[in-house]
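The values are calculated or read from the model by the stated rules, or taken from the named source; none is laboratory data. Everything numeric here is computed off the predicted structure, so don't read it as measured data. Don't worry about glycine lacking a Cβ; one is built from the backbone with ideal geometry, like all the others, and counts go over all protein chains shown.
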Amino acid sequence: MTGDSIRRSITITNPQGLHMRPLQAFVETAGRYQSTVFLTKEGGERLNGKSLWNLLTMAAEQGTLVHLEVSGPDSSQAADALIEVLQRHYTDE
């Protein structure tokens, strides 16, 4: 795949961690881009960022360090959008 490869580390700040709603937003956002997307929990398995089922196994609580890897022709735009999703706070309201 052509394009740059971008790697960023993000600490999850959402009080409920990465539960269903933020993971669904992440997958929907990742799906808008051609780039491949992977998310890895510190010390964990590298997971397909476009698969909700894969990401549900991550169990990333508040304070968890995750690593985002985006590769492809629109990697810069995808990485920016995905970082925003990971840093967003979700409420149960």
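The table that follows gives values for the structure above.
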read-out	value
Test: ASP80 is among the charged types (D, E, K, R), free of Cβ contacts under 8 Å to residues at least 60 places away in the same chain and out of contact with any Asp or Glu (no Cβ under 7 Å at 6 or more places or on another chain)	yes
Among (1) under 10 Å from the mean Cα position of the chain (by Cα); (2) closer than 14 Å to ARG7 by Cα; (3) not hydrophobic (A, V, I, L, M, F, W, C) - the single one THR29 does not satisfy	(2)
Output for the range 39-57, where each listed residue is modelled with pLDDT under 95, part of a loop (DSSP other than H, G, I, E, B) and not charged (D, E, K, R)	GLY43, GLY44, THR57
Residues of the range 13-38 satisfying the condition of being at pLDDT 95 or above, in a loop (DSSP other than H, G, I, E, B) and either farther than 14 Å from PRO73 by Cβ or not basic (Lys, Arg) (or both)	GLY31, TYR33, GLN34, SER35
Residues of the range 1-12 that turn out to be assigned to a strand (DSSP E or B), more than 10 Å from the chain's Cα centre (by Cα) and either closer than 16 Å to HIS89 by Cα or of a type in the set (A, V, I, L, M) (or both), as a count	2
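Yes/no per residue for (1) exposed (fewer than 13 other Cβ atoms within 10 Å of the Cβ); (2) farther than 14 Å from LEU18 by Cβ:
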position: LYS50; (1), (2): no, yes
position: LEU55; (1), (2): no, no
position: ALA60; (1), (2): no, no
position: GLY63; (1), (2): yes, no
position: VAL66; (1), (2): no, no
position: ASP74; (1), (2): no, yes
position: ALA78; (1), (2): no, yes
position: ILE83; (1), (2): no, no
position: LEU86; (1), (2): no, no
